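Everything below concerns the one structure shown next.
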2 protein chains.
Amino acid sequence: MDATISWDFSNLEWSAVGDPAGLKAEDLEPFWERAQTAHNDLMQRRDTGKLPFYELPQQQQDIDEIVKYAQSVHSKFTDIVVLGIGGSSLGPAALYSALGRQVENVHEMPRFHFPDNVDPFEFDDLLNHLELEKTLFNVVTKSGGTPETITQYLIVRERLEHKLKDHYKDHLVFTTDPEKGHLRRISREERIRAFSINPGVGGRFSVLTPVGLLPAALAGIDINALCRGAAAAVSTCTLASVDENPAYGIGLSLCLLRDLKSVGTVVMMPYCNRLLSCADWFRQLWAESLGKKVNLKGETVHWGQTPEKALGATDQHSLVQLYMEGPFDKVICFLEVEDHDVDLVIPRIYPDNADLDFWGGHTLGNLLNTEKQATEAALTENGRPNLTAKFPSVNAFSVGNFLMTLQIATIFAGSFLGIDPLDQPGVEMGKILTKKRMTR
Amino acid sequence: MDATISWDFSNLEWSAVGDPAGLKAEDLEPFWERAQTAHNDLMQRRDTGKLPFYELPQQQQDIDEIVKYAQSVHSKFTDIVVLGIGGSSLGPAALYSALGRQVENVHEMPRFHFPDNVDPFEFDDLLNHLELEKTLFNVVTKSGGTPETITQYLIVRERLEHKLKDHYKDHLVFTTDPEKGHLRRISREERIRAFSINPGVGGRFSVLTPVGLLPAALAGIDINALCRGAAAAVSTCTLASVDENPAYGIGLSLCLLRDLKSVGTVVMMPYCNRLLSCADWFRQLWAESLGKKVNLKGETVHWGQTPEKALGATDQHSLVQLYMEGPFDKVICFLEVEDHDVDLVIPRIYPDNADLDFWGGHTLGNLLNTEKQATEAALTENGRPNLTAKFPSVNAFSVGNFLMTLQIATIFAGSFLGIDPLDQPGVEMGKILTKKRMTR
C-alpha cells in the first residue's frame, strides 16, 4: 500500500491545450535559473533549521507519544470535538474525512466534530447532542489566544466542570506552544494534558504536528504510515530538478500560469468525496501563503491565485459549464483515485429499456472515473489547462504523500516569487477592529 | 417574522473603496438604458409565459398537494434520501441546511441525506447505515435520464425490492417531467407516486418546484412561508428602477465589476453555518447561467464570473488574507444574520487573566457579527468591493426571499449581457465522451 501519488502535468502544455493558456517550453526556460535559486534557498533554510516542517515526518518520538496517549484514552470516548480554527481545524478535518472511515474496527472508534466557527446555533446544537461524560475536547491554538477557540473553550469548560466536577480535566487535551500562551499556562496550573506544536511551524503547515496527528491517532488512523508517505514526498520533493520534483513542478507551473497567462484561479477537483476536505486544507495553504500585498523586497505586488474547490462528478452539474466555456482564467487540479476500496455494481433491472440497461454491469467507481477522464478530455479539448494527481487508493501513506507535496509546492512558490509564505499580515486589521468593537 | 432581506450596496462605490475596483456613478450611467431594455425584455418574456419560475410562489394548488403528501408519509420514515444531482440536489440541500434544524418537533422529523455523487465508498457507506424499512428515496431528475441519478436509483431499487418485495413502491417518490422520460414511464407502469416539474423551469431555477418543496415539506419546513418570501421578492424585483430593485442592483453591479473592473470572482460569505449551502446553490446558479462561450448574437465572448464560497468567521483564518491583500479581482457578498435564534454567553472563568476575561459576558453571536463588521470594514479600507445581504433571522420567509432575489438577479444579468442564462451547452461533450468510454 506504500505507493506514492503520481502527477501528470501533460495537459498544462501548449501542445495539449494550445492558446491562450498553454505553457510552451520556451515560456518556462527563462525561469529555470530562478527555480534553481529558489531550490537552493529552501535547502539552505532547511539546513539551518528555519523550515522545520520538512522534518516533521521523522519525529518518531512525538509520533510514539501520540499513539500511546491515543491508545490509552480512545475507548473512553464516543465523541471527540476538536476546538480549533484555520490550520488547527482544516488539517485534522482533512485527515479525518479522508481516512477516518476506512480504519479497522471503525465502529469502535469515536465520532469526530470540528465546530471551527463561533456560530451560536451550530455550537449549541452540537453541545446539545453530546454526552459530556463520553466526550473529549481537543483544544488547539498555537498562540493560546485565538478568540474563536478560546471563547469556545470557556463555554465548554464551564459545562464540563458543572457536569463532571473535578473530572473535567480528563475530558480536555490541549495542543499548543511548548512554553508560551494562556493554554500552556492553564495546562500547567490545572494539570491538563497538553501536546506541543513546534514553535517554528505555522498553522497551515501543522498537519503533521500533534495538531493533525493527535486527532488522527484518536480516530484510529495509522499516523506512522501517514508520516512514511510524507517522508517519501520529502525525498522526492527535495530533488533539484523541476522535472523530477513534483512539488516544484506544481509550484512553478501554477505561478507561471498566473504570471504569464493570467490564470488567477486554481480549482482542486477530487473525484472522491473523501478527498474534498483536502481541497479545503489546500485553499488555506495556497491562499494565505501566497496572497500578499508586498514581496520580500518591499515592493507592492498584490500577488495571489485563488484556490477553489469543486467535487467531481457532482460539480459537472454546477461549475463545469463555466470552466469549459468561461474566461481562460483557471487551471484544474484533478484528484483521481484508482481503487475506491469499495465498489457497487449497477444492476440490470429494465432489460427492455436500452437507455437504462446501458449502465447495467458497470460499477459506480467505473462511472465516476470515466466521468473524470471524459471531463479532463473535454476541458483539454476546450483549451483549459489541467493536471492530475492520481492516488492508487486513499490511504494514510498516499494522503501523507499528497499533503507534504503540496506544502513543499507552496513554500517553493513563495521562494520562487520572492514572497514570504509564512506570514499573514492582512488579517491583523480585522482582529484589531473586532477587539475594539467588542470593548465598546 | 415576514421580514425581507435588506441589501447594502454602499461598499461597492468608489467613495467607499476607491481605485481600482470602486464603481462611480459615471461608470454606471452609460448602462442605465441597457438595464431598462433588459427589464423590458424580462417582463415581456414573463408575460408570454416563457419565464415560469417567476410564478412558482403562487402555485398554491401544488403547494397544498405537497403538504398533504408530506403529512401523510413523514411519520413513517426515519430517513429520507434525495437522489439527484446539480439543481436537483443543491436546492433541497440549501433549504434543509438553512431551515431543517429549527422546525417545530425537530426530533420527530426524518434525517435527510443528499448523496449527489456517484462515489462508491460514500454511497455504500450511506446505504449500510440506513434501515431500508424506514427510509424514503426521493428520486429527482427532470429528464428522467441523468446517469448519476439513474444508476443510484437502479442500485437502490434492487435493494428495496430484495428487502421489501412489492412494498418497495412505498419507499420511492419521483420528481420528474409531467409527461416525458424514463422516470415518468416507470412511475406509470409500476404505480409509484410522482410529482411534476414544470417543463419550462430548468434545474438551477427549480428550488420552488417540487424539487425543493417536497423535501422541504417532508423536513417540516413551512413551504407556504418560503413561497410568501419568494413572492415578496418577485414584487420588489420586478420594479423597473435599479435603485429600488435589489435583484437588478446585484445583477448590474456584479456584471459591471466584471466588465469594467476585471473583478472575475464573486465570493458569497455567510457569517452563519446554516446559510453555507445557499452559497453552493448560488455557485451553480451564477456559474452555469452566465459562464458562456457565445452570446445571443453568436459572438464569442467567453463570459463568466467565478462564484466562490467562504464561511465567516472560519475563513478569516484561511482565505481572507488573500481577499485583503491579493489582486483586486474579487467582490465579497456577505450574508449577515441579525438574530441567530440561539445564543451562548461566554462565561468568566479566569477573572485574573485580562486577555481571557475580555470575552466574558459577550455572546458568541455578538462575537460572530462583530467579526463580520470588522472584516467588512477592513476589506473596505483595503479597497475591496463588498455588499451585504442582511437576514433579520434565518427563517422560511427570509430564505425564500433571498433565493428568489438571486434567481432574478441571474436572469437579469443574462438579459443585460445578452447571454442565454437557461442553457448549458458546455457540458455536452463530457456527457458524450462518458457514454462512449463506457461502451468500450
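The values are calculated or read from the model by the stated rules, or taken from the named source; none is laboratory data. Keep in mind that what you see is a predicted model, and the values were worked out from it rather than measured. Note that each Cβ is placed from the backbone with ideal geometry, even for glycine, and that neighbours are counted across all protein chains shown.
Quick check on region A:304-328: of everything there that is out of contact with any Gly (no Cβ under 7 Å at 6 or more places or on another chain) and more than 7 Å from chain B (Cβ to nearest Cβ), which residue is surrounded by the most Cβ atoms within 10 Å (Cβ to Cβ)?
Checked region A:304-328; the qualifying residue surrounded by the most Cβ atoms within 10 Å (Cβ to Cβ) is A:TYR323.
Go through region A:406-440 and give me each residue that's part of a loop (DSSP other than H, G, I, E, B) and among the β-branched types (Val, Ile, Thr).
A:ILE419
How many residues, within region B:40-63, are part of a helix (DSSP H, G or I) and either of a type in the set (Lys, Arg) or over 23 Å from the mean Cα position of the chain (by Cα) (or both)?
8
Taking A:ASP8 and the conditions (1) touching a residue at least 60 places away in the same chain (Cβ under 8 Å); (2) surrounded by 17 or more Cβ atoms within 10 Å (Cβ to Cβ); (3) in contact with a Leu (Cβ under 7 Å, 6 or more places away or on another chain), which numbered condition does it fall short on, given that it satisfies the others?
Going through (1) touching a residue at least 60 places away in the same chain (Cβ under 8 Å); (2) surrounded by 17 or more Cβ atoms within 10 Å (Cβ to Cβ); (3) in contact with a Leu (Cβ under 7 Å, 6 or more places away or on another chain) one by one, A:ASP8 breaks only (2).
Taking the options B:ASP259, B:ASP243, name whichever one is surrounded by fewer than 18 Cβ atoms within 10 Å (Cβ to Cβ), closer than 26 Å to B:LEU387 by Cα and at pLDDT below 95.
Answer to the selection: B:ASP243.
Of these, A:ARG204, A:ARG157, A:ARG185, which one is within 10 Å of chain B (Cβ to nearest Cβ) and either in a strand (DSSP E or B) or under 25 Å from A:ASN395 (Cα atoms) (or both)?
A:ARG204
Do you know which of the residues in region A:66-107 that are modelled with pLDDT of 95 or more, assigned to a helix (DSSP H, G or I) and among the β-branched types (Val, Ile, Thr) is farthest from B:GLN316 (Cα to Cα)?
Filtering region A:66-107 for residues that are modelled with pLDDT of 95 or more, assigned to a helix (DSSP H, G or I) and among the β-branched types (Val, Ile, Thr), the one farthest from B:GLN316 (Cα to Cα) comes out as A:VAL67.
With the structure loaded, tell me whether B:PRO270 is outside the structural domain of B:THR37 (by TED's automatic domain parsing) and farther than 15 Å from B:GLN407 by Cα or whether it fails that test.
no
May I ask you to say which residue of B:ASP341, B:ASP352 is surrounded by fewer than 23 Cβ atoms within 10 Å (Cβ to Cβ) and within 7 Å of chain A (Cβ to nearest Cβ)?
Selected residue: B:ASP341, the only one of B:ASP341, B:ASP352 that is surrounded by fewer than 23 Cβ atoms within 10 Å (Cβ to Cβ) and within 7 Å of chain A (Cβ to nearest Cβ).
Can you say whether B:ILE432 is of a type in the set (A, V, I, L, M, F, W, C) and either buried (at least 17 other Cβ atoms within 10 Å of the Cβ) or within 30 Å of B:ALA232 (Cα to Cα) (or both), as far as the supplied structure shows?
No, not satisfied.
Can you tell me which residue in region B:278-290 is surrounded by the most Cβ atoms within 10 Å (Cβ to Cβ), limited to those that are in contact with a strand residue (DSSP E or B) (Cβ under 7 Å, 6 or more places away or on another chain) and facing chain A (nearest Cβ under 7 Å)?
B:ALA287
Across region A:356-397, what is the total count of residues that are closer than 27 Å to A:LEU257 by Cα, more than 7 Å from every other protein chain (Cβ to nearest Cβ) and among the small types (Gly, Ala, Ser)?
Looking only at that region, the number is 2.
For B:LEU403, all conditions in the list (1) out of contact with any helix residue (DSSP H, G or I) (no Cβ under 6 Å at 6 or more places or on another chain); (2) more than 9 Å from chain A (Cβ to nearest Cβ); (3) within 28 Å of A:ASN128 (Cα to Cα); (4) part of a helix (DSSP H, G or I) hold save one; what is the number of the exception?
The one condition B:LEU403 does not meet is (3).
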